[in-house]
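Peer 1: Take this structure, written in structure tokens, and hold onto it; I'll ask about it next.
The values are calculated or read from the model by the stated rules, or taken from the named source; none is laboratory data. Source: prediction; values computed, not measured. Don't worry about glycine lacking a Cβ; one is built from the backbone with ideal geometry, like all the others, and counts go over all protein chains shown. Areas reflect the complete protein model, heavy atoms only, side chains present, ligands, DNA and RNA absent. Shrake-Rupley method; radii C 1.70, N 1.55, O 1.52, S 1.80 Å.
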Amino acid sequence: MDRHQHILVADAGVYHVLLFSAQGAPIDTLGQRDNGPGEFQTLTRIACPPEGDWLFVLEELSRRVHRWHLDPAPRHVDTRILPSPRAPARWPLELWPVSADTLILRFAASLIDAGAHGLYRYQWSNRQLHRLLPLRENEVIRRGTRRTVFPFLARQLVAVRPPHGIALVWSDSLQVVLYDLKGNRQARRRFSAPPPRALTSEDWARARQMDTRFAFSASLPRLGRTHWPYVDDLLLDDAGNIWMRLL
């Protein structure tokens with residue numbers, strides 16, 4: 001949603017961003033499928049800064065970011081190819097606009113959200129990319145050159161909400177670490193939850209079945225530990241409250 005409570009929806013199937021009123025009435029359609037400025041090869045993430053009438057659209061494969069001005073009518077302003085951080089973290093997976101000129105992005109070494117991670121600050125005016133925070137590598141099952149990711153494997157979740165800062169949680173820890181928007185640690189918050197239950201044979205069989213649905217081998221090692229309940233989603237809201245969804 002933008003600051004006027006308009007609803008923006010990224011429709012990856014038709015390569016459009018759809019703009020609706022707060023009541024759900026269609027207002028406009030942004031973009032089309034192609035490689036030019038304001039045109040989309042893929043649709044990964046969209047986000048609006050808390051102030052100003054701006055929309056940013058991220059394409060992870062091409063590392064492009066499109067900037068649109070929304071008021072009084074949507075207008076494409078410019079398109080950038082993000083500089084690549086030092087290896088191995090080179091794929092932008094998420095973005096959070098702080099303002100019309102400042103973005104925070106999550107880069108990873110792999111498009112499946114595993115490998116080296118980091119949060120970076122990008123300044124639109126001078127095209128500079130600086131690392132804010134290193135992030136831990138998400139837990140995966142490695143089979144040769146391939147990684148298998150199941151939802152109960154431990155991973156680091158990120159939430160950014162200007163001006164309140166950045167929240168990080170390791171999915172099996174229930175301990176949130178808060179940073180300001182410059183990457184300085186501010187506080188820790190620990191939440192209580194029921195003790196984790198054992199990973200049953202049925203759980204594991206269901207996970208293997210899901211993996212083979214995508215035409216991969218089902219000969220996976222049986223995990224010796226689990227992370228239930230685990231943090232499945234993290235939110236830092238406009239009032240600075242922290243929300244976590246447990247599964």
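Peer 1: Going residue by residue through region 161-168, is there one that turns out to be closer than 30 Å to residue 206 by Cα, open to solvent by less than 20 Å² (accessible area, probe 1.4 Å) and at pLDDT 95 or above?
Peer 2: Yes - at least one qualifying residue is present in region 161-168.
Peer 1: I would also like to ask the following. Considering region 34-49 alone, what residues qualify as being assigned to a loop (DSSP other than H, G, I, E, B) and either touching a strand residue (DSSP E or B) at 6+ places or on another chain (Cβ under 8 Å) or open to solvent by less than 30 Å² (accessible area, probe 1.4 Å) (or both)?
Peer 2: If the condition is that a residue be assigned to a loop (DSSP other than H, G, I, E, B) and either touching a strand residue (DSSP E or B) at 6+ places or on another chain (Cβ under 8 Å) or open to solvent by less than 30 Å² (accessible area, probe 1.4 Å) (or both), then 34, 36, 37, 38, 39, 41, 42, 43, 44, 48, 49 are the ones that fit.
Peer 1: If I ask for residues that are touching a Cys at 6+ places or on another chain (Cβ under 9 Å) and open to solvent by 60 Å² or more (accessible area, probe 1.4 Å), which ones from region 1-18 would you list?
Peer 2: 1, 3, listed by residue number.
Peer 1: Suppose we filter region 234-247 for residues that are under 23 Å from residue 198 (Cβ atoms) and touching a residue at least 24 places away in the same chain (Cβ under 8 Å); how many remain? Full working, then the answer.
Peer 2: Just the residues of region 234-247 that are under 23 Å from residue 198 (Cβ atoms), to begin with: 244-247.
From the residues that got through so far, the ones that are touching a residue at least 24 places away in the same chain (Cβ under 8 Å) too are 244, 246-247.
Looking only at that region, the number is 3.
Peer 1: Out of (1) of a type in the set (A, V, I, L, M); (2) more than 12 Å from the chain's Cα centre (by Cα); (3) assigned to a strand (DSSP E or B), the odd one out for residue 100 is which?
Peer 2: (3)
Peer 1: Further question on the same structure: Within region 81-107, take every residue that is touching a Phe, Trp or Tyr at 6+ places or on another chain (Cβ under 7 Å) and open to solvent by 20 Å² or more (accessible area, probe 1.4 Å) and give me the one that is modelled with the lowest pLDDT.
Peer 2: 90
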